[in-house]
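First comes the structure, then the notes that go with it.
The values are calculated or read from the model by the stated rules, or taken from the named source; none is laboratory data. Keep in mind the model is a prediction, meaning the values are calculated, not measured. A quick note on method: Cβ atoms are made from the backbone with ideal geometry, for glycine too, and the neighbour counts reach across all protein chains shown.
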Amino acid sequence: MDASAPPAKIIAEAADWLVKIQEHPLTENEQNQLQQWRAQSANHQRAWQAAQQLNQSFGHVPEKLGLSVLSRKQAQRRNLIKAISALLVIPTGSWLVYQHSSLLFWVADYHTATGEIREVILADGSKLILNTRSAVNVFFDENQRLIELLEGEIHITTASDTLARQLFVKTEHGQVHALGTEFTVRLSSEYSQVAVQQDAVEIHTITTNKVQRITAGQQSRFSKANIEPVAVSQPTTATAWTRQQLIIDNQPLADVIAELARYRKGWLRCDPAIGKLRLSGVFQLTDTDIALSNIAHTLPVSVVYRSAYWVTVTSNK
């Protein structure tokens, strides 16, 4: 943490006050205690200003689905401490830009940058792989294991748990109950997508509590209210990104370029006039420029670089 930031103890106390405010309106006695706490030093005042800024911008930190009351409070407090700490070291003039880049993404337990793929071994021995620009929070308590997918895509290989706790993946659309399995979960703004490579999972929607079981070699998408029909999933294709590959089988060029854009910084677009061209192949995600070059040698298209961060795929006719 920046040397000029308030001590960690004061930041934690600010988070505690913020949790208390979110739980219930402060009594007159509590309001007086908060005022006395703020008046102790300039550091106390700075920490509280950051806490208020966070509260106004993001509201409360959502409760964690299915966790015990104690675990929810601990998780909420942990996220608030990280978020307040981050705000205290951001230059004031950068706040509006930073606000729109999703503060909660950057203070997540695990996250990846654009183009980065990261493997994490969790406390229970399960293996978690995060795809490009992905973020998760991990909450384990005495009753269950919960992974909250905030953004992007993850691949999970579950481990046997000595406490026999169930494992769930939560998204904004619902949750996925792992039934001793290997699977991927991808989050978009409108739906979550699940593909199972081994054993099975159960999907539960968040608003209607619809349930769908899918097994190895199957996939499905679900929104907050609905679950789409189960479809076939090719395990090698669904997990190709974990091996730094993108496997394409007769897909529209527009979809392929949109997928490659997830792995490079800047702006990559496909001219709509050529978006329906079909493409198959295996492309390496470690260098998207090479992938684009290979596409240009396969289809009648050109890759136009206005800069390294502004690239258009267009017709070469």
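Taking region 158-187 as the range and being modelled with pLDDT under 95, more than 18 Å from the chain's Cα centre (by Cα) and within 23 Å of Arg133 (Cα to Cα) as the test, no residue passes. Within the set Thr162, Thr205, Thr184, the sole residue that is buried (at least 19 other Cβ atoms within 10 Å of the Cβ), free of Cβ contacts under 8 Å to residues at least 40 places away in the same chain and of a type outside the set (Gly, Ala, Ser) turns out to be Thr205. Quick one: in region 234-266, of everything that is of a type in the set (D, E, K, R) and surrounded by fewer than 20 Cβ atoms within 10 Å (Cβ to Cβ), which residue is farthest from Val282 (Cα to Cα)? Applying the filter and picking the extreme gives Lys265.
Of note, Ile257 satisfies the criterion of being touching a residue at least 40 places away in the same chain (Cβ under 8 Å) and within 24 Å of Thr132 (Cβ to Cβ). Counting residues in region 271-280 that are loosely packed, with under 12 Cβ neighbours inside 10 Å and of a type in the set (Gly, Ala, Ser) gives one or more.
In region 188-219, of all residues being closer than 20 Å to Ser134 by Cα and small (Gly, Ala, Ser), the one that is farthest from the chain's Cα centre (by Cα) corresponds to Ala195.
For region 169-282, please list each of the strands (runs of 3 or more DSSP E) lying entirely inside it that holds at least 1 residues being assigned by TED's automatic domain parsing to the domain that holds His297 and either touching a Gly at 6+ places or on another chain (Cβ under 8 Å) or more than 30 Å from Ala308 (Cα to Cα) (or both).
245-252
The numbered conditions (1) loosely packed, with under 15 Cβ neighbours inside 10 Å; (2) part of a strand (DSSP E or B) are all true for His155 except (1). Candidates are the residues of region 295-317 that are touching a residue at least 40 places away in the same chain (Cβ under 8 Å) and part of a strand (DSSP E or B); the one that is surrounded by the most Cβ atoms within 10 Å (Cβ to Cβ) is Val313.
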